[in-house]
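Following: one structure in structure tokens, then a few remarks.
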Amino acid sequence: MLKNYLNIAFRNLWKNKGFSFINISGLAIGMASAILILLWIQNEASFDQFHQKKDRLYMAYNREVFDGKLQCWANTPFPLGPALLREYPEIQATSRLQYNNFLVTVGDKHLKAQGCFVDTPFLSMFTFPLVKGNKTIALNDMHSIVITQQLAKKLFGDDEAMNKVLRVDSNENFTVTGVLKDLPNNTQFNFEYLLPMKYADKLGWSDNEWDNNSPSTLVELKPNTTEAAVDDKIKNITKRHLKGSEQVEVFLHPVTKWRLYSKFENGKIVGGRIDVVRLFGIIAAFILLIACINFMNLSTARSEKRAKEVGIRKVVGAQRQYLIGQFLGESILLAAISGVVALIIVQLSLSGFNQLTSKQLAIEYGNIYFWLSAIAFVLFTGVLAGSYPAFYLSSFQPVRVLKGTFKKINALVTPRKILVVLQFTFAIILIICTVIVEQQIKYAQERDNGYSKNNLIYHLLTGDLDKNYNLVKNELLSSGVATSVTKTSAPITQGWSDSWGFEWQGKDPNSKTDFDRFCADENFAKTAGVKIARGRDIDLKDYPTDSTAIVLNETAVKAMGFKEPIGQIIKDDGVTWHVVGVIKDFIIRSPYEPMRPMVIEGSKGFFNAMHIRLNSANTTEKNLAAVEKIFKKYNPQYPFEYHFVDDEYAKKFSDEKRTGTLAALFSFLTICISCLGLFGLATYMAENRVKEIGVRKVLGASVTNITTLLSKDFIGLVIISIAFASPFAWWFMNKWLQGYDYRVTISWWVFIGAGLLAIAIALITVSYQSIKAALTNPVKNLRTE
Amino acid sequence: MAANMIKITDMEKIYRTEEVETVALNKLNIEVKNGEFVAVMGPSGCGKSTLLNILGLLDDPDNGSFVFNDIEVAHFNERRRADLRKHNIGFVFQSFNLIDELTVFENVELPLIYTGIKGPERKKRVEAVLDKVQIMHRRNHYPQQLSGGQQQRVAVARAVVNNPKLILADEPTGNLDSSNGNDVMQLLTELNEQGTTIVMVTHSEHDARYSHRIIRMLDGQTVTENILI
Ligand SMILES: Nc1ncnc2c1ncn2[C@@H]1O[C@H](COP(=O)(O)OP(=O)(O)O)[C@@H](O)[C@H]1O
Ligand SMILES: [Mg+2]
């Protein structure tokens, strides 16, 4: 029986090569897309699920009301971790975690690496196994360091790294007390080395203040405790230690939710990355469905050819379930072939997809679960694609079919119409989304950022640069490489500091407006090309008291309510600043946000970066070479790691660009698959109507008449699809755009344009068959009956 | 075993389309004995095929009774009809109705597959029956590669491979020249001599003479019955 099924299935595939090709390629593209997306989803869902104690691991979060809204964030005070452990018996262990970015030196090998300070229990809490060393004591000593295998390889090559000495940040010697297995690609943690928190204490990075939120606090609960119970107890810990001066509350956020559920609104989890995962899941399902629809449509369109077979089989004794089995067998066979092709497509496109999504996804061919899921996937697809045709075809009555009273399906019948509309609706939605995403990116890119990005570079104050800053600056200026140099607290493209603690005259005591805090020693407006609205730039040469000068942006002036800002006094962290100027707003964080109030503190502030306005009279290569020479001279230990501000600024759009590229990719695939199906349908329709076409031509119809006649039905369906797709796409894009304060308005022509595009694509697809049919000699067609 | 294989009483079949109602069978009464060879004749549209389809359990009547081997089958559901059909009834059509995608051998094998006969046994029986219809040498050919007469012989082979008690033939020689037609009639006669009951619709008086009895129909009713032997 099975052999007979397979036999006829193969022969049917072979006999109808065109049909099989369309079906297999459509299904393979659909399956390949779905597999890629499923791999991505699987990776996302597996983030930090590998920790053995995952059900007991948490991160402490703060929540407090600002501007009437309950905000949640993960930076916590340094004393929180130790206090939690001390005060609550339910808590097994805690570790603080503070990221750093030190230069690691072995001999004359210098490497900038990403790492963090953690407390000793970290390695026992989280499942980051050591291949060398003892996890319980590895970070006990202040001068111990744990490095990943990868970093070990970079630093020591094939030599044993354990117990070797290396220098961190060119200051002190550290002994390697552990070698970590490299982090898997599905963890939120990102480090190549771990240093003991004790060393951060020594460096003065940490403090004992309950109102300075900096590190993350990781918490392991004892078994048999619940998150809710502990949440309830620890809620007031910070308030208690601050004696009520802040209304901040502490709660726990489980490790299993960090990746996908970390978006809080008014203190409640409202989603996060899971939204994207769901969206991708829906897209995968739809692309697969659309590929299956091709199969359903083409199979039922061919039903006339199979009707006789069904009739005969029934007459000789086949029961309906046998026939259903036979047709499902055929679709599963087809799905299996498509699955193999899909796997090849996936293998070929995986690296590109990885690049697009910044992942390292791979198919684990050695994994039995992969093959089981692959088989399940093929069966699922085969059944999904085959069920409707199977039930439809097996329902034919032998009497009707064999007597020839079986109705010829001339036009498109209703279920098939619905399926085509579904395909095109989805395709058009994707086209519209692609266009709107691109528009939004362009809109934000064209937004005035408020400074001049070109010919501006920044460099972090690594190593001796801080100490030698004035020498470096003077040499840059005197050699004519730079026209202006300014030391700042952070790169101009990144907001590193903010505060609601500023004091000024007339401040509403209840105000909790958050200001961006930026520092610039002098001439910031000149270096960055920011426009001065009132007053002047900070200028240490001509105004000796400018070390405590402060500059506001226009939004800050409004937020502070100053009528005459110049000369106002602002207090921050014990320093009294005086306002010397007001600058026009510029974008420091997201180009999609409204401008935020910002204060720029003078040289008494803190500094981490320098910005250099290159002399545009020289070529960039020449400038860079000259800058490098000066940096090497004053900071010989550290690499020259400059950043062009325009490149950095462009990175602000990378997420959206990725969204745009993915949307475009998915629309392209959907259109491809849908058109394959449409082409197949048009082929069968033209075949079924040969006689009608012949008669019409004999009666005088022109080629145009016939082509129009045959294409008309399809175009009607596409127009219906546009009507369905537009409101969906509008609703969806409107929702997406709500996430951006600075956003385009959706214009009607996008819908018209997408519709016209879809019609054009459908027309091109269908017209080949229509014209071919219209051009055939009618005599030939009429003879065939 | 009952003397009557088929007993049809007051059978009605009415085709309703949106515009017209066609009475295809009008209170028809027919009996067919075990081992009989009956020919049904009558002008086109008088209901012959309708009758044969109902006899073959491919279609159900609107009214009346159909007793097959002492069992009332008029209101069997599709599953039971299919079951009864595959064990008891073989069909031969005017237009052969072979499956184009299957070889001669596979076409004939089909009914055995559906009755669940094992592979080696199937092979034996298919080969035996192909021998009988003298088409063994073409067993691996596809239907399109055969002449009309050969195709109909294959169709007859397929109808009898399951050893049915009843063979229903709807104008089996209608598409054949007289020489090929005679071959097929010869075959049916042999089968009948071996005990198979046959009901055959035909337009040809010549073919009808192979039978024992001719039922003449008009407008869904029998008009006369000629007993030939
Ligand atoms: N499926 C059907 N729908 C409507 N009318 C039908 C159908 N099948 C047969 N008829 C009508 O029933 C009558 C008997 O048909 P049929 O049994 O095929 O006649 P015969 O085989 O004797 O030529 C005819 O008038 C025919 O038009
Ligand atoms: Mg007839």
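The values are calculated or read from the model by the stated rules, or taken from the named source; none is laboratory data. Model, not experiment: these values are computed from the prediction. Because the Cβ atoms are built from the backbone with ideal geometry, glycine has one as well, and the counts that use them run over all protein chains shown. Just the protein is used for accessible areas: all its heavy atoms, side chains included, with ligands, DNA and RNA removed. Shrake-Rupley method; radii C 1.70, N 1.55, O 1.52, S 1.80 Å.
Which residues make up the longest stretch of chain B that has no GluC sites (Glu not before Pro) in a DSSP loop with at most 13 other Cβ atoms within 10 Å?
The answer is B:20-229.
For peptide A:359-372, how many partner chain Cβ atoms fall within 10 Å of a residue's Cβ, on average?
Partner Cβ neighbours, averaged per residue: 0.
Probe radius 1.4 Å, ligands and nucleic acids left out: which of A:GLU593, A:GLU64, A:GLU265 has the largest accessible area, and how do the rest follow?
I get A:GLU265, A:GLU593, A:GLU64, largest accessible area first.
Counting other Cβ atoms within 10 Å, keep those with at most 15, restrict to DSSP loop, and tell me which trypsin sites (Lys or Arg not before Pro) in the stretch A:410-493 are left. Write out the running numbers ahead of the final one.
Numbers: sites: A:ARG416, A:LYS417, A:LYS442, A:ARG447, A:LYS453, A:LYS467, A:LYS473, A:LYS487; in loops: A:ARG447, A:LYS453, A:LYS467.
For trypsin sites (Lys or Arg not before Pro) across the stretch A:410-493 that sit outside H, G, I, E and B with at most 15 neighbouring Cβ atoms in 10 Å, the list reads A:ARG447, A:LYS467.
Please state the relative contact order of chain A as a whole percent: Cα pairs under 8 Å, 6+ residues apart?
Worked out over chain A, it gives 15 percent.
Taking N as the number of residues in the stretch A:533-657, what is its alpha-carbon radius of gyration divided by 2.2 N^0.38 Å? Write out the running numbers ahead of the final one.
Working: Rg = 17.9 Å, N = 125, 2.2 N^0.38 = 13.8 Å.
Here the Cα radius of gyration is 1.30 times the empirical estimate.
Explain nothing, just compute: Karplus ³J(HN,Hα) = 6.51 cos²θ - 1.76 cosθ + 1.60, θ = phi - 60°, for every residue of the stretch A:505-519 in order, whole Hz, x for Gly and Pro.
5, x, 5, 5, x, 8, 5, 10, 5, 8, 10, 6, 10, 10, 10
Roughly how many Å is it from the Cα centre of the stretch A:438-477 to that of the stretch B:143-169, as a whole number?
89
From other protein chains only, count the Cβ atoms within 10 Å of every residue's Cβ in B:96-103, then give the mean. Don't jump to the answer; show the numbers that get you there.
Working: counts 1, 9, 3, 9, 5, 11, 6, 2.
Across the residues of B:96-103, the mean count of other-chain Cβ atoms within 10 Å is 6.
Pairs of lysines 8 or more apart, or on different chains, with alpha carbons under 28 Å: count those in the stretch B:33-185, would you?
18
Given a 1.4 Å probe and no ligands, DNA or RNA in the count, how much accessible surface is buried by B and A, both sides, to the nearest 100 Å²?
2500
Quick one: of A:LYS507/A:LYS563; A:LYS541/A:LYS563; A:LYS507/A:LYS558, which pairs are farther than 20 Å apart, Cα to Cα?
Details: A:LYS507/A:LYS563 13 Å; A:LYS541/A:LYS563 28 Å; A:LYS507/A:LYS558 12 Å.
Beyond 20 Å between Cα atoms: A:LYS541/A:LYS563.
Rounding to the nearest 20 debye, state how big the charge dipole of chain A is about its Cα centre with +1 on each Lys and Arg Cβ and -1 on each Asp and Glu Cβ. Could the numbers behind the result be given before it?
Working: 88 positive and 70 negative charges, 962 e Å.
So the dipole magnitude of chain A works out to roughly 4620 debye.
Could you pull out every one of the lysines with an alpha carbon less than 22 Å from that of A:LYS53, ignoring same-chain neighbours closer than 8 positions?
Within the straight-line cut-off, A:LYS53 pairs with A:LYS132, A:LYS135, A:LYS181, A:LYS222, A:LYS233, A:LYS257.
I'd like to compare A:178-189, A:387-398: which one has the highest average count of other Cβ atoms within 10 Å, and what's the full order after that? Each step should come with its number before you reach the end.
Values: A:178-189: 17.5, A:387-398: 19.5.
Per-residue mean Cβ counts within 10 Å order the peptides as A:387-398, A:178-189.
Filter the cross-link list A:LYS69/A:LYS243; A:LYS112/A:LYS467; A:LYS571/A:LYS633 down to pairs whose alpha-carbon distance in this structure exceeds 28 Å.
Violating the 28 Å Cα-Cα cut-off are A:LYS571/A:LYS633.
Using θ = phi - 60° and the Karplus curve 6.51 cos²θ - 1.76 cosθ + 1.60, what whole-Hz ³J(HN,Hα) does each residue of the stretch A:424-434 get, with Gly and Pro shown as x?
Those phi angles translate into 6, 4, 5, 4, 5, 4, 5, 4, 4, 4, 4 Hz.
Averaged per residue, what accessible surface does the stretch A:606-690 expose to a 1.4 Å probe, in Å²?
Here the per-residue accessible area is 43 Å².
In whole angstrom, note down how far apart the Cα centers of the stretch A:631-647 and the stretch A:7-84 are.
Going from one Cα centre to the other spans 38 Å.
Could I get the Rg over Rh figure for the stretch A:473-563? Both from C-alpha atoms, Rh via Kirkwood, rounded to two places.
Rg/Rh for the stretch A:473-563 comes to 1.01.
Rolling a 1.4 angstrom probe over the protein chains, ignoring ligands and nucleic acids, what is the accessible area of B:LEU168 in square angstrom, nearest 10?
0
Under the rule of at least 5 residues apart or a separate chain, name every residue whose amide H is placed under 5 Å from the amide H of A:LEU183.
The list, which skips near neighbours in sequence, is empty: none.
Cα gyration tensor of the stretch A:281-433, axes a ≥ b ≥ c as square roots of the eigenvalues: rounded (a/c below 1.5), prolate (a/b > b/c) or oblate?
Note, shape of the stretch A:281-433 comes out oblate.
May I ask you to work out the translational diffusion coefficient for the protein assembly as shown at 10 °C, viscosity 1.306 mPa s, via Stokes-Einstein with Rh from the Kirkwood sum over Cα pairs, reported in whole µm²/s?
Here the translational diffusion coefficient equals 44 µm²/s.
Could you tell me the accessible area of A:MET296 in Å² (1.4 Å probe, neighbours in place), rounded to the nearest ten?
20
What area, in nm² and to one decimal, does the C-alpha convex hull of the stretch A:76-146 cast on average over all directions?
6.0
Pop out the carbon and sulfur fraction of the accessible area of the stretch B:84-229 as a percent, whole number, probe 1.4 Å. Intermediate values should be presented prior to the final figure.
Numbers: 2740 of 5940 Å².
In the stretch B:84-229, the share of accessible area belonging to carbon and sulfur is 46 percent.
Working with all protein chains in place, sort A:PHE264, A:PHE286 by solvent-accessible area computed with a 1.4 Å probe, largest first.
Reading off the accessible areas and sorting them downward yields A:PHE286, A:PHE264.
I'd like the projected area of chain B, averaged over all directions, using the convex hull of its alpha carbons. Report it in nm² with one decimal.
12.9
Taking only DSSP H segments of four or more residues, each worth -39500 (n - 2.57), what value at 222 nm results for chain A once the sum is divided by all its residues, to the nearest 500 deg cm²/dmol?
So the calculated ellipticity at 222 nm is -16500 deg cm²/dmol.
First select every other residue whose beta carbon is under 13 angstrom from the beta carbon of A:ASN75; then total the charges, Lys and Arg +1, Asp and Glu -1.
It works out to a net charge of -2.
Please list, short to long, the whole-number percent of alpha-carbon pairs of the stretch A:678-748 in consecutive 5 angstrom bins beginning at zero.
Binned Cα distances yield the sequence 3, 13, 16, 14, 10, 8, 8, 8, 7, 6, 4, 2, 1.
Given a cut-off of 25 Å, what percent of all Cα-Cα pairs of the stretch A:7-118 lie beyond it?
More than 25 Å apart: 63 percent of the Cα pairs in the stretch A:7-118.
If you plug each phi of the stretch B:113-125 into the Karplus form 6.51 cos²θ - 1.76 cosθ + 1.60 with θ = phi - 60°, what whole-Hz ³J(HN,Hα) values come out, in order, with x for Gly and Pro?
4, 6, 8, x, 7, 6, x, x, 5, 4, 4, 4, 6
If you average the alpha carbon positions of the stretch B:1-69 and of the stretch A:294-330, how far apart do those two centres end up, in angstrom?
The distance from the Cα centre of the stretch B:1-69 to that of the stretch A:294-330 comes to 28 Å.
Which loop-located trypsin sites (Lys or Arg not before Pro) does the stretch A:40-135 contain, where loop means any DSSP state but H, G, I, E or B and the Cβ has at most 16 other Cβ atoms within 10 Å?
For trypsin sites (Lys or Arg not before Pro) across the stretch A:40-135 that sit outside H, G, I, E and B with at most 16 neighbouring Cβ atoms in 10 Å, the list reads A:LYS53.
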